[in-house]
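A short worksheet on the structure shown next.
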Amino acid sequence: MKADVLLGLQWGDEGKGKIVDVLTSKYDVIARFQGGPNAGHTLEFDGIKHVLHTIPSGIFHKNAINIIGNGVVIDPVVFKKEIDSLKKLGANPEKNLFISKKAHLILPTHRLIDAASETSKGKKKIGSTLKGIGPAYMDKTGRNGLRIGDISSPDFIEKYKTLVEKHISILERFGAETTHALSEPDEKLWMEGIELLKNLKFIDSEIEINNYLKSGKKVLAEGAQGSLLDVDFGTYPFVTSSSTICAGACTGLGIPPNKIGEVFGIFKAYCTRVGSGPFPTELLDETGEAMRITGKEFGSTTGRPRRCGWIDLPALKYAVMLNGVTQLIMMKADVLSIFKLIKVCTHYIQQGRKIKNFPYDIAPSSIKPVYKELKGWNCDLTSTNSFSGMPEELFSYIKFLEEELETPITIVSVGPDRTQTLVKEVLLG
Ligand code: GDP
Ligand code: IMO
Ligand code: MG
């Protein structure tokens, strides 16, 4: 058996949580492969709206095995909050949630370093979620990190203290307030999170996942963030600190490249970005504001307003290429229902010439988007429940994107609820 991967093709918040939840009934195992509490994956069903940060979006399905892979960074404080609220909703994480021993821990001091680093950058700040993601991955690659497997070791506290000492010297170099670094309440909450983690099963997830595949079980790898936030291929330095592309599923779960099956690439029918960094199709006018209000485009993790703009095909083509996307999933078609005309960025102008690729520099001073106008469907989609029932203009929009991206769109989402999902069953197998 091969593992399928679902990942975001834009700057995150494409709707990964919703679709993983919808697809979970077809899978035995759902596994997160990177990122951490910077992610906010929203699920809506039976009148409940729930946001997951570290926990895979299959958690509400009793029979699904949920795995947090080695590529994920875990903050025990956020994790405990997630577990507590899941339990209130009747989920049973002690039974169907497993954590890689090799996943790294986010310490309270990682969050402080994140904040100090952002402050020191001033206007050039990344717009980080301030969850300590960058500093935690820096300790991982710098070979100083603490891992889930260390929790069971007798010298865990000693290792923790050594790392905190190192962090305090970093904070001092930033000129940041360090008394807070040693704050007892913060440390107490963190240790409570560690105690809660001990109730869960720590596993060699790479071995278990490969065994599942060998025994014919169906595995879906769930990405966080999006390809344009990838540490290598995203809009660096305005990126996150992990590999958000399909290759990240290999390193973040231990799945060999030849065991990757379908790659579901998910995108919004328009485009959003939260945090700093270039965004060629951004709309700073009332059209962008209308998208933000209609699409409720406010961050699931930080509540920050998301920047909105038209869909960007050169960027999407780049993401489809990097990930080897086999099926596309288009989200939030209902949000574009408010427009009579819809714009699609098909090219950029760079130094007076039309280009189709996604260049190294996408700053406004380097490129300008070129748009094609398409007729909008401009009608309510709530009663649309199949591909064949779609308004003609929506169908044409999908056809146009499929041709440009040379990949079929097999799922179209027309609302936040689980049920508001149109699936081209034939291609899902
Ligand atoms: P993720 O990080 O990729 O899981 O996405 P988020 O949960 O951060 O953001 C997606 C937002 O869009 C959430 O509030 C979802 O409930 C909502 N959403 C998902 N699909 C649709 C859709 O088709 N239409 C509308 N209107 N909202 C949607
Ligand atoms: P999901 O999984 C959207 C953005 C931040 C910031 C940059 C770096 O919900 O799609 P970080 O905290 O990772 O150091 O921030 O990345 N960012 C996201 N934007 N969705 C996310 O996750 C994001 N995770 C990080 O806003 O610009
Ligand atoms: Mg999100």
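None of the figures in this text is laboratory data; all of them are computed from the coordinates on show. In this text, all values refer to a predicted model and were calculated from it rather than measured experimentally. Because the Cβ atoms are built from the backbone with ideal geometry, glycine has one as well, and the counts that use them run over all protein chains shown.
Once R0 is set to 56 Å, what does the formula 1/(1 + (r/R0)^6) return for the Cβ-Cβ distance between residue 340 and residue 92, expressed as a FRET efficiency to the nearest 0.05? Once rounded, the FRET efficiency stands at 0.70. P(r) tail for region 75-122, what percent of Cα pairs lie past 16 Å? Tail of the P(r) past 16 Å holds 56 percent of the pairs. Taking every DSSP beta bridge that has both residues in the chain, what percent is antiparallel when rounded to the nearest 5? Close to 45 percent.
Summed over qualifying helices (DSSP H, 4 residues or more, each -39500 (n - 2.57)) and divided by its residue number, the chain shows a 222 nm mean residue ellipticity of -9500 deg cm²/dmol. The residue among 22, 270, 358 whose Cα reaches farthest toward the positive pole of the charge dipole of the chain, with charges on the beta-carbon of Lys, Arg, Asp and Glu, is 358. Two numbers describe the Cα atoms of the chain: Rg and Dmax, which are 21.4, 65 Å. So what's the angle, to the nearest 10 degrees on a 0 to 90 scale, between helix 108-121 and the longest Cα principal axis of the chain? The answer is roughly 50 degrees.
Of the residues 407, 85, 153, the one whose Cα sits farthest toward the positive end of the charge dipole of the chain, with +1 on the Cβ of Lys and Arg and -1 on the Cβ of Asp and Glu, is 407.
Note on region 328-429: Rg/Rh from Cα positions, Kirkwood definition for Rh, rounded to two decimals, is 1.04.
Using Cβ point charges alone (K and R +1, D and E -1), the dipole size of the chain about the Cα centre works out to roughly 380 debye. Label zone (residue 378, point 7 Å along Cα-to-C-beta; backbone nitrogen cut-off 18 Å) within region 323-341: 334-341. Summarising the strand pairing of region 217-349, around 40 percent of its internal DSSP beta bridges are antiparallel.
Once every Cα of region 119-211 carries one equal point scatterer and solvent is ignored, give the base-10 log of I(q)/I(0) from the Debye formula at q = 0.13, 0.20 Å⁻¹, two decimals. Treating every Cα as an identical point scatterer, log10 I(q)/I(0) equals -0.60, -1.24. Sequence-distant contacts, meaning Cα pairs under 8 Å at least 6 residues apart, place the relative contact order of the chain at 20 percent. Label separation (residue 198 vs residue 395): 6.2 nm, computed from points 7 Å beyond Cα along the C-beta direction. Overall shape of region 1-132 was characterised from the C-alpha gyration tensor. The equivalent ellipsoid obtained from it has semi-axes of 27, 16, 15 Å, in decreasing order. Spherically averaged projected area of the convex hull of Cα atoms, region 1-41: 3.3 nm². For region 280-325, the share of alpha carbon pairs falling in successive 5 Å distance bins from zero is 5, 20, 20, 17, 19, 14, 4, 0 percent. For a label point 7 Å from the Cα of residue 371 along Cα→C-beta, name the residues of region 315-337 whose backbone N is under 15 Å from it. Answer for this model: 336-337. For helix 205-214, what angle does its Cα long axis make with the longest principal axis of the chain, in degrees from 0 to 90 and rounded to 10? Roughly 50 degrees between the two axes. Highest average first, the peptides 46-52, 29-35, 253-259 ordered by how many other beta carbon atoms sit within 10 Å of their residues are 29-35, 253-259, 46-52.
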